[in-house]
Amino acid sequence: MGKNLTKREVDYSKWYNELVVKADLAENSAVRGCMVIKPYGYAIWEKMQAELDRMFKETGHENAYFPLFVPKSLFEAEEKNAEGFAKECAVVTHYRLQNDPDNPGKLRVDPTAKLEEELVVRPTSEAIIWNTYKGWIQSYRDLPLLINQWANVVRWEMRTRLFLRTAEFLWQEGHTAHATKKEALAEALQMQKVYAEFAENFMAMPVVKGAKSESERFAGADETYTIEALMQDGKALQAGTSHFLGQNFAKAFDVKYTSKEGKQEYVWATSWGVSTRLIGGLIMTHSDDLGLVLPPKLAPIQVVIVPIYKGDDQLEAISEKVNVFVKEFRKRGVSVKFDTRDTFRPGAKFAEYELKGVPVRIAFGNRDLENNTVEVARRDTLEKQTVSQDDVVEFVANLLEEIQDNLFNRAISYREAHTTVVDTFEEFKDAIENKGGFVSAHWDGTTETEDKIKELTKATIRCIPLDNKIEGGKCVFTGAESTQRVLFAKSY
């Protein structure tokens with residue numbers, strides 16, 4: 001199983017693709033560029049969804065659902081947004097099929113069933129949502145409007161990779177309306193903070209909170225705030241974004257409210273989202289050459305118990321003890337699986353759960369029954385310990401917390417070791433090519449310089465960190481004056 005994976009140092013991309021398939025997370029589908037998320041992969045997404053949904057509701061947001069299709073006239077109402085997504089749009093032009101008279105048993109598009117107006121399959125939902133908000137918002141009493149939707153979107157990607165970039169993917173998208181610019185900016189920053197807390201506390205994936213440069217902003221946004229994570233191959237992953245949209249969509253869709261003073265004002269807007277790309281980030285932050293390594297808080301199975309026995313009598317005696325453990329684990333909210341399948345030997349089960357990244361494995365044999373012990377193995381370090389059966393539930397509960405912390409600390413250490421401060425372009429190129437990771441450098445603030453650096457090195461500005469210290473310096477490329485450093489990296 002895991003032993004058959006390509007090693008990361010040999011071909012990181014191939015390792016990732018093999019791992020996603022072999023660990024039963026997802027597979028390519030009959031639809032080009034689209035994936036089937038398998039039950040184990042979807043269970044991870046469900047855990048992500050549950051925690052994020054709770055966090056959204058704790059910050060006052062409600063869930064709704066909006067149509068998959070957007071009339072082309074609505075889609076093009078906000079010009080920057082339409083232009084930004086135009087090349088990725090799938091478009092519905094007809095509404096019916098018919099039997100093909102030239103090919104018996106086959107179908108063709110009915111040429112008489114052309115839609116009066118084409119429908120864009122949503123790449124993002126601002127247009128349909130803001131057209132809807134026009135009817136929902138009349139007065140300051142209707143604000144703030146804090147809506148989230150869990151949905152799928154389609155962006156016609158030509159080069160796809162499971163979870164990281166697919167033509168269709170699952171996500172959530174928040175869309176909020178506010179009476180003032182100050183409130184909308186606070187909302188955008190609050191949701192960036194929510195994403196960062198989720199990434200670090202649940203995914204054990206450290207992130208840098210920052211603002212995007214103008215050329216990297218979401219189409220139609222005045223500001224884009226991002227969380228950027230660093231993968232084990234030294235590439236950055238944009239893990240979530242939150243956008244301050246100003247009044248761009250309110251003006252495009254004529255969404256106004258009557259203020260307390262009786263004046264008609266345009267509302268201020270935000271949108272924010274994370275997607276199934278987070279599963280790709282989870283894999284690439286923690287996993288190793290043997291398979292997945294999952295943080296306990298997001299693992300579908302946190303503890304697996306594998307019996308080692310000869311004959312039904314031994315299994316029955318072991319099961320009697322194990323069932324007590326299972327009940328205790330579940331009382332503590334720990335997801336546990338007791339694998340009694342007789343179609344696989346214990347060694348094959350060990351390899352399977354190692355590949356699937358189950359944080360803790362307990363082996364329980366006849367000798368353990370006699371000695372009142374069990375063997376506990378942790379997936380992150382592969383260490384094994386013999387533990388008394390009397391203490392095993394408490395021990396494992398503590399171990400799960402320790403594994404969660406260890407994964408985060410390990411990822412922090414990697415990021416620190418792969419963040420390089422440079423002052424010359426030679427140093428910049430050397431760091432990008434030979435070390436990878438984040439490169440912290442002064443930049444003159446121009447799109448021209450940003451584009452030239454990207455052309456020469458394939459590195460982009462990942463973000464302008466929010467906690468940046470203001471310091472005078474010279475642009476790493478042009479030598480022009482600069483007031484702060486920004487983070488560059490190659491990225492997914």
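Values computed for the structure shown
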read-out: Hydrodynamic radius (Kirkwood) for the stretch 209-367, which is based on Cα pairs only, to one decimal in Å; value: 20.3 Å
read-out: Carbon plus sulfur fraction of accessible area for the chain, probe 1.4 Å, in percent; value: 48 percent
read-out: Long-range HN-HN contacts of Asp288 with modeled amide H, under 5 Å; value: Val293
read-out: Residues whose placed amide H lies under 5 Å from that of Cys89, excluding near-sequence neighbours; value: Trp156
read-out: Shape of the stretch 1-107, Cα gyration tensor, a/c cut at 1.5; value: oblate
read-out: Contour excess over end-to-end distance, with Cα ends at Lys114 and Thr446 and 0.36 nm allotted per residue; value: 114.9 nm
read-out: Between helix 277-286 and the chain: long-axis angle, C-alpha atoms, 0 to 90°, nearest 10; value: 40 degrees
read-out: Å² per residue, accessible surface of the chain at 1.4 Å; value: 47 Å²
read-out: Relative packing of peptides 271-284, 91-104 - highest average C-beta neighbours within 10 Å first; value: 271-284, 91-104
read-out: Structure-based [θ]222 nm, the chain - -39500 (n - 2.57) summed over DSSP H runs of at least 4, per residue, nearest 500; value: -10500 deg cm²/dmol
read-out: Heavy-atom accessible area order for Glu157, Glu187, Glu27, largest first, 1.4 Å probe; value: Glu27, Glu157, Glu187
read-out: q = 0.20, 0.21, 0.22, 0.24 Å⁻¹: log10 I(q)/I(0) that the Debye formula gives for the stretch 389-477, counting C-alpha atoms only; value: -0.98, -1.05, -1.12, -1.24
read-out: Potential extension, Lys193-Gln385 segment - 0.36 nm per residue separation minus Cα distance; value: 65.3 nm
read-out: Residue-wise HN-Hα coupling along the stretch 322-333, computed from phi with Karplus coefficients 6.51, -1.76, 1.60 (Hz; x: Gly, Pro); value: 4, 4, 5, 4, 4, 4, 5, 4, 5, 4, 8, x
read-out: Solvent-accessible area of Arg161 with every protein chain in place, 1.4 Å probe, in Å² to the nearest 10; value: 70 Å²
read-out: Sequence-distant residues sharing a close amide H with His243 (under 5 Å, placed H); value: Tyr225, Ser271, Trp272
read-out: Candidate lysines for bridging to Lys454, where Cα separation is under 26 Å - those fewer than 8 sequence places away on the same chain excluded; value: Lys14, Lys80, Lys87, Lys209, Lys212, Lys235, Lys429, Lys435, Lys469, Lys474, Lys490
read-out: Estimated vicinal HN-Hα couplings, Hz - the stretch 447-456 in sequence order (Karplus 6.51, -1.76, 1.60; Gly, Pro = x); value: 5, 4, 5, 4, 5, 5, 5, 4, 4, 7
read-out: Residue-span extension gain [Asn63 to Leu466] - 0.36 nm each, minus C-alpha spacing; value: 142.2 nm
read-out: Rounded, prolate or oblate (a/c below 1.5 giving rounded, otherwise prolate when a/b exceeds b/c) for the stretch 91-183 by Cα gyration tensor; value: oblate
read-out: Degrees, to the nearest 10: 126-136 long Cα axis against longest axis of the chain; value: 70 degrees
read-out: Modelled label reach - Lys331, point 7 Å along Cα→Cβ, the stretch 285-323 residues with backbone N closer than 14 Å; value: 323
read-out: In degrees, nearest ten, helix 39-58 long axis to first principal axis of the chain (Cα); value: 60 degrees
read-out: In sequence order, calculated HN-Hα J values of the stretch 299-312 (Karplus, 6.51, -1.76, 1.60; Hz; x Gly/Pro); value: 6, x, 10, 8, 9, 10, 10, 10, x, 10, 8, 10, x, 5
read-out: Fraction of alpha-carbon pairs over 13 Å apart in the stretch 296-337 - percent; value: 56 percent
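The values are calculated or read from the model by the stated rules, or taken from the named source; none is laboratory data. Since this is a predicted model, take the numbers as computed values, not measurements. Please note: Cβ atoms are built from the backbone with ideal geometry, for glycine as well, and neighbour counts cover all protein chains shown. These accessible areas exclude ligands, DNA and RNA; they are computed on the full protein's heavy atoms, side chains included. Shrake-Rupley method; radii C 1.70, N 1.55, O 1.52, S 1.80 Å.
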